Amino acid sequence: MIAWRLRALEQQMPAAAFPAGSAAPSLVYLLVTMVVAAAAVLGFAVYDQRGVPSAVRDSQRELVSNVARNVSLAYTRAAADLDRHIAELRKPPVPADAEVLSRVVGEGKAWIGAAVVQTASRQALVASGVAVPIDQLPTPLPADDTVPVSTSDGPALVRIAALDGQRTLMALEPLLMRNLRLNPAARHGIFVIAPDGHPTLIQGVNAVDAAYLPKVFDGLTRSQRGQSRAVAVKEWRDRQMVVSSAPIGDTGFVVASVIIASVSDGTSLEEGLLLGSSLLVVAFLAFLLMRAFLVAPIQTLLRQAKNDACGAVTLNRQSLRTREAFRIAQALAVVSGAGLRGKRWRPTTMQGLTAAALVALAWPAVAVATTLHEPRPSLPEQLFYDEESRVEVVNSVLGNALDSGLQTVSRISLANTKTGPAKFEPVLKQGMANEHRFRGMYLVDPKGAVVKSAGRASLRTAEPLPGEAGIRIDSSIDRLPVIYAFRIAEDNGYAVVGEFDIDYLLGVMRRVDGRARVVDSDLRTVLDSSGYRAMQPLAGEAARKAAIAAIAGGTVRDQRTGGPPALMAATALTNPPSVAHLEWVVVVERNPASLQMPQVIMNRWTLLMAGTVAGVVALTFVWQFFIFVWPLQRLAASANRMRAGSFDEPVPPQRHDDVGAIAMCLEICRQVRHTGSARFGGAIRLRGSEEDFTAVHPRIPGQRGANRAAKV
């Protein structure tokens, strides 16, 4: 009879398959922790190699990429100006050859040489400046194209443009770059590689014999993006050569940097194994506690509950270590006719799982504390030189952006001296269409009031402009920086004003990693790539110290040691000369924790492991509490009422899992005590949630006969 009841009961009870069973959370926690430990060991193993730190290679790649971008932008700007001149020259009447060269070469800032040749014979009709290497140009001459060439002074670009069917203009521009901060101890050299693979030393020194350069630079001209690699040399035991390159737009030239850098050990595989093994030990202890205080009591209680629900007499009941399970077992023992007593203190399931969570969180806490108290890694000297180059890149790009805006308003003002104010609006709209640096362009009268505008409304205070031309910031507005370029016409006093788009200027500053700020001579923040309130005092003692030192001229560097560490450099904005009067200083700082140094990588992996483990522990604890502990506590409350002799209130099923199966068994025992032994093992399975109550209604007399009569 008991075996039949047990079989009938098993057919009605839910099958708690993974992940519904009470063992699922602890098992998932253990498996995920094992994966985290294995991933950490693998991460330490990947970087466990001796070589040049990745931070140095990344810094060099960023350096050459910025240099290549600046050279490409300078050429693009010069080519756009040349194309604009040529478009004017093509309009009839076409000027003489000498006038063509005069307009193109001008002051010789961009195009140092030019020539007008016969298109068919390539014979020079007139030339000016540095001779154009016509013999290096393709045959036939392309109509409108740029050709890379090599001259005695270094690599250059020749812009070819057809003036008409008979003549072609050639303009020569050298590939020039600003003076870079080079590390003499690293024998730093900057090269420009021609499309045919021939390298030319532009700055610095050659670290290797010239005969080996083609092998060192092999494959760089075929790459369309920046790269950096370390080259091992047999004769150098503790040093390696770092070669970094970046293409200069679509010109065919490549900028390459070569340094000799010291090598260092990578991440420690032994430390990774120690972290992984210690994590597994702690995780296994926490897993055992979870099993002891949740899984084992529920499984033991479920086996006993099945026997009690089938009417089996159990004289010796297994002791339960948690308070909720013991209370439920007492209720089962009462209704089945056997007693279960115990007066010793038992922890609750919540207390046991809390202890397991604290044990599991001990490893992340120790790992984080140990990592945060690690001594800061020493930075290679090369990174300080590269930091100076980074701040000078921001300085150069920002200065050129401001100067280009000034050139734009000057060109519009000079080209429209005879255009009346009433007809100036189309001119401004055309200028806005060609100039992305401005938020708006305006024509203002001698009193500074806006007469015509294009773009967004002017934010500048309406007052007379200071001087004839230049770049200014409206000092009367302190809630945001209003930076503008202007030029006043000599004949009528009207001026063309362009207000710079602050988002564009911030985008220029965000081209380098880290935080870039521009401050004025009073150390008030004008621009900040990380978000800011304008004209607020520069924050940070180290940043203020570097800015004050840079105001006097030159580039300074520093390393912040108090508070969060930072690699810092500052330089005064003095080039081009049109921006020197602003007396601005550019300050760039970067957190060394973002660098790919071996110690930083180990700390990063450790903190990532700690955060992942802490998240898994929290998720497991929440899972166990809401899915098992809370329903178990409510089931224990129902058991307390049954122990007190109240059998009228049904025990609702909690969930379709282990706890729900125990609730069904407890409900069967309640019905046996309330109705009789016929309910053993055969109680109808309740469905729904615990808020749904079931009531048994008495049969209505004559109901069956009435139904039959209705059918007839």
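Scan the range 590-605 and give yes if some residue there is surrounded by 17 or more Cβ atoms within 10 Å (Cβ to Cβ), hydroxyl-bearing (Ser, Thr, Tyr) and assigned to a helix (DSSP H, G or I), otherwise no. No, the range 590-605 contains no residue that is surrounded by 17 or more Cβ atoms within 10 Å (Cβ to Cβ), hydroxyl-bearing (Ser, Thr, Tyr) and assigned to a helix (DSSP H, G or I).
Within the range 65-92, the set of residues being assigned to a helix (DSSP H, G or I) and over 19 Å from LEU172 (Cα atoms) comprises SER65, ASN66, VAL67, ARG69, GLU88.
If you check GLN654, GLN671, GLN624 for being at pLDDT 90 or above and under 20 Å from ARG327 (Cα atoms), only one passes: GLN624. Test of understanding: among SER257, SER245, SER223, which residue is surrounded by fewer than 22 Cβ atoms within 10 Å (Cβ to Cβ) and among the hydroxyl-bearing types (Ser, Thr, Tyr)? Sole residue among the options that is surrounded by fewer than 22 Cβ atoms within 10 Å (Cβ to Cβ) and among the hydroxyl-bearing types (Ser, Thr, Tyr): SER223.
Taking the criterion of being assigned to a loop (DSSP other than H, G, I, E, B), outside the structural domain of ALA305 (by TED's automatic domain parsing), at pLDDT 90 or above and of a type in the set (D, E, K, R), would at least one residue in the range 575-585 satisfy it? Yes, the range 575-585 contains a residue that is assigned to a loop (DSSP other than H, G, I, E, B), outside the structural domain of ALA305 (by TED's automatic domain parsing), at pLDDT 90 or above and of a type in the set (D, E, K, R).
Only a single item in (1) assigned by TED's automatic domain parsing to the domain that holds ILE662; (2) at pLDDT 80 or above is not met by ALA20, and it is number (2). The listed residues are GLN624, GLN633, and the only one of them that is touching a Leu at 6+ places or on another chain (Cβ under 9 Å) and either assigned by TED's automatic domain parsing to the domain that holds GLY311 or closer than 21 Å to GLN12 by Cα (or both) turns out to be GLN624. Remark: GLY266 falls outside the filter, which requires a residue to be on the phi > 0 side of the Ramachandran plot and crowded, with 17+ Cβ neighbours inside 10 Å.
Of the strands (runs of 3 or more DSSP E) contained entirely in the range 457-507, those carrying at least 2 residues that are of a type in the set (Phe, Trp, Tyr) and surrounded by 12 or more Cβ atoms within 10 Å (Cβ to Cβ) fall at 483-488. Taking first residues from the range 456-469 that are in the same structural domain as ASP503 (by TED's automatic domain parsing) and partners that are surrounded by 13 or more Cβ atoms within 10 Å (Cβ to Cβ) and polar (S, T, N, Q), the Cβ contacts under 7 Å between residues at least 6 apart in sequence or on separate chains come to ALA469/SER410. Among the residues making up the range 497-516, those that are under 27 Å from GLY455 (Cβ atoms) and either touching a helix residue (DSSP H, G or I) at 6+ places or on another chain (Cβ under 8 Å) or of a type in the set (Lys, Arg) (or both) are VAL497, GLY498, PHE500, TYR504, LEU505, VAL508, MET509, ARG510, ARG511, ALA516. Total residues in the range 205-263 satisfying the condition of being hydrophobic (A, V, I, L, M, F, W, C), outside any loop (DSSP other than H, G, I, E, B), touching a residue at least 12 places away in the same chain (Cβ under 8 Å) and over 19 Å from VAL71 (Cα atoms): the figure is 10.
Residues satisfying the criterion are present in the range 150-158 (criterion: surrounded by fewer than 18 Cβ atoms within 10 Å (Cβ to Cβ), closer than 22 Å to GLY249 by Cα and among the acidic types (Asp, Glu)). Taking the criterion of being in contact (Cβ under 8 Å) with a residue 60 or more places away in the chain, part of a strand (DSSP E or B) and over 14 Å from the mean Cα position of the chain (by Cα), the residues of the range 511-525 that qualify are ALA516, ARG517, VAL518, VAL519. Checking ASP83, ASP58, ASP97 one by one, the residue that is crowded, with 16+ Cβ neighbours inside 10 Å, at pLDDT 80 or above, of a type in the set (Asp, Glu) and not assigned by TED's automatic domain parsing to the domain that holds GLU387 is ASP58 and no other. So, of the residues in the range 440-456 that are in a loop (DSSP other than H, G, I, E, B) and of a type outside the set (Gly, Ala, Ser), which turns out to be nearest to VAL482 (Cα to Cα)? The extreme case among them is ARG456. Of the strands (runs of 3 or more DSSP E) lying entirely inside the range 114-166, those containing at least 2 residues that are under 24 Å from GLN203 (Cα atoms) span 144-151, 154-162.
Only one of SER404, SER453, SER476, SER410 is on the phi < 0 side of the Ramachandran plot, assigned by TED's automatic domain parsing to the domain that holds MET535 and under 36 Å from the mean Cα position of the chain (by Cα). Can you tell me which? Checking each option against the conditions leaves just SER404. Can we say ALA286 is surrounded by fewer than 21 Cβ atoms within 10 Å (Cβ to Cβ), at pLDDT 90 or above, farther than 27 Å from LEU595 by Cβ and among the small types (Gly, Ala, Ser)? Answer is no for this residue. Put simply, of LEU632, LEU582 the only residue that is buried (at least 22 other Cβ atoms within 10 Å of the Cβ) and farther than 28 Å from VAL366 by Cβ is LEU632.
The values are calculated or read from the model by the stated rules, or taken from the named source; none is laboratory data. Because the structure is predicted, anything quoted here is derived from the model rather than measured. FYI the Cβ positions are ideal-geometry reconstructions off the backbone, even for glycines, and counts take in every protein chain you see.
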